[in-house]
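Notes to accompany the following structure.
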Amino acid sequence: MNQPQPQTEPTPCDRIISAGWVITVDTDRRIIRDGALAITGSTIVAIGKRADVDATYRALERIDRPDAVVLPGMANGHRHLLCCAKGAMPEGGSTLESLRRFIYPSFSSLEPEDMNVYARHATAEMIRNGTTLFEEPGCNHIDAVLPAIADSGMRARIGLWTWDQQGSAGSTDLPDWLNLSTEDAIKRLEEGLEVVQAFGNDRIRPAVTIEGVGTCSDRLSVAAARLAEETQTLAVQHKSTSEREVQLELAAYGQRPIQHTAAIGALNPYTLLNHVTSLDLDDVAAIADSGATISQNPSTALKLAKGTTQFGKWPELIAAGVPMGLGTDAENCSNHQDICRAIYLAALLSRDARQDPGAVSAETAVELGTLGGARALRFDDVTGSLEVGKEADVVVFDTNDYDWRPLHNPIANLTYGVTGHSVDTVLIGGRVVLENKKSTIVDEDALRDEVEATDRKILAKIGIDPRPAWPVI
Ligand SMILES: [Zn+2]
């Protein structure tokens with residue numbers, strides 16, 4: 001009787017990526033020296049030592065980078081595509097002032113073709129910096145945006161910009177733009193879910209997006225939370241973004257924003273809170289008890305003077321196990337789309353604030369930029385770590401430059417010294433979308449011209465002529 005022969009031939013796969021260091025962010029947080037991962041279709045089918053993967057799999061294509069560091073694709077937990085005109089927002093405004101003077105007028109001036117340009121530019125910039133997943137906290141002209149995201153290859157959560165202008169901040173100085181009744185706002189949330197679902201791209205998941213920041217009624221907040229829970233999507237809003245917002249809500253409701261949101265029943269495991277800059281310990285407990293997730297946006301907090309070093313509760317949120325990611329926010333809030341820079345700040349802000357060098361570890365900061373963001377966006381079933389069965393969302397860093405050398409501990413280099421500019425190659429779902437620091441998707445030079453022309457058009461509409469305070473001769 002013939003016995004089956006042991007299989008000695010390697011199994012075919014589409015691609016093998018090998019690198020000097022593979023940071024998996026898997027359950028055991030393994031970092032594999034001289035590691036490799038094998039990809040078939042969009043999926044990781046093997047990960048381990050290069051010698052073991054090579055003995056088991058034979059690839060049609062290879063990316064062999066013995067000097068490189070490989071990381072899971074990073075997640076941007078807060079990135080408005082409605083934004084525009086980097087560097088044009090007048091300096092010196094608080095969050096609420098900047099919204100009213102610059103951001104809302106800009107948003108309301110956009111036409112569908114402008115949104116398409118901004119979406120193509122933002123996704124190209126995020127990919128250039130190693131981001132493979134992002135959350136759009138409420139956009140407009142979504143029919144022009146969805147094809148741009150789909151073409152980019154990125155994963156995203158997205159919904160329609162929605163408010164009813166009946167929150168604690170009042171309606172003074174708010175624009176007529178999309179000024180909806182509560183009833184119509186709820187319908188718009190449902191429409192946003194339907195449009196994204198009907199678009200039918202499995203990398204793009206719907207969200208129930210209300211603005212928050214004191215511009216939404218309790219009834220709208222509760223409806224958004226329930227809709228997200230019923231549809232198992234994600235209710236997204238800006239909340240407790242500054243101490244000023246806290247004071248407004250205390251005056252209006254006698255409760256801090258987080259505790260008021262919890263009290264009315266608008267916090268649940270399908271809620272994503274953006275910013276959450278100004279918190280007390282009861283707020284942290286309310287978020288943790290609810291199962292809600294959050295995105296911290298550290299460079300925005302610093303630029304707009306939100307007080308994250310004074311009122312932030314990063315260590316407490318981490319200790320409470322709240323799923324937390326990092327974001328860069330709108331174009332003029334961070335002026336960059338680099339999650340590496342957010343990781344740097346995530347590690348350091350709380351150390352200085354608490355005068356405790358152990359307040360947030362480098363490993364935790366890297367986790368926030370990868371798996372933490374995927375968990376916060378409810379995408380960790382497919383991305384956020386490099387593991388068999390997950391999608392092949394992979395970043396390859398070129399380490400042949402000063403920020404990566406000397407290289408003894410890649411987590412330390414990545415946290416303290418590296419920017420997204422050392423990202424060399426990016427794959428999303430096994431597809432190469434950045435190669436040798438160049439997009440494989442868009443003509444980046446042409447896109448730069450397009451976005452600057454669009455910016456000039458929008459700035460002319462809203463009467464802003466950006467220039468430095470120094471004389472330009
Ligand atoms: Zn925002």
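What follows draws every value from the coordinates through simple rules; no lab data is involved. What you are looking at is a predicted structure, and each value in this text was computed from that prediction instead of being measured. Every residue, glycine as well, gets a Cβ built from its backbone with ideal geometry; the counts of neighbours run over all protein chains shown.
Take the alpha-carbon centre of region 232-309, take the same for region 343-404, and report the distance between them in whole Å.
22 Å
Say the dipole of the chain comes from +1 at the beta carbon of Lys and Arg and -1 at that of Asp and Glu; which of ALA148, GLY167, LEU60 then lies farthest toward its positive end?
LEU60
Only four residue types carry charge here, +1 at the Cβ of Lys and Arg and -1 at the Cβ of Asp and Glu. Report the dipole size of region 74-376 about the Cα centre in Debye, rounded to the nearest 20.
Result for region 74-376 is approximately 600 debye, rounded to the nearest 20.
Charges at C-beta only: +1 for Lys and Arg, -1 for Asp and Glu. How large is the resulting dipole of region 389-463 about its Cα centre, in Debye rounded to 20?
Charge dipole, region 389-463, about its Cα centre: 200 debye, nearest 20.
Across the Cα atoms of region 41-166, what radius of gyration and what greatest pairwise Cα-Cα distance (Dmax) are found, in Å?
Calculated on Cα positions, Rg and Dmax stand at 19.7, 63 Å.
Once label points are set 7 Å from the Cα along Cα→Cβ at both HIS421 and LEU180, what is their separation, rounded to one decimal in nm?
4.1 nm
Taking the convex hull of the alpha carbon atoms in the chain, what volume per residue do you get, in Å³?
163 Å³
Within the chain, how many Lys pairs sit with Cα atoms under 27 Å apart, leaving out pairs fewer than 8 places apart on the same chain?
Here the count comes out as 18.
Counting pairs of alpha carbon atoms under 8 Å apart in space and at least six apart in sequence, what relative contact order in percent does the chain give?
19 percent
Membrane-span-like helices in the chain: DSSP H runs reaching 18 Å or more (Cα, own axis), mean Kyte hydropathy at least -0.5?
Helices meeting the span and hydropathy rule in the chain are 182-199, 218-231, 339-354.
How much length is gained on full extension from GLU191 to HIS408, taking 0.36 nm per residue of separation minus their Cα-Cα distance?
73.0 nm is the gain from fully extending GLU191 to HIS408.
Report the FRET efficiency, 1/(1 + (r/R0)^6), for ASN436 and ALA252, where r is their Cβ-Cβ distance and R0 is 60 Å, rounded to 0.05.
Between ASN436 and ALA252 the formula returns 0.65.
Taking trypsin sites (Lys or Arg not before Pro) as exposed when DSSP calls them loop (any state but H, G, I, E, B) and at most 14 other Cβ atoms lie within 10 Å, what is the longest stretch of the chain free of them, the sites themselves excluded?
30-436
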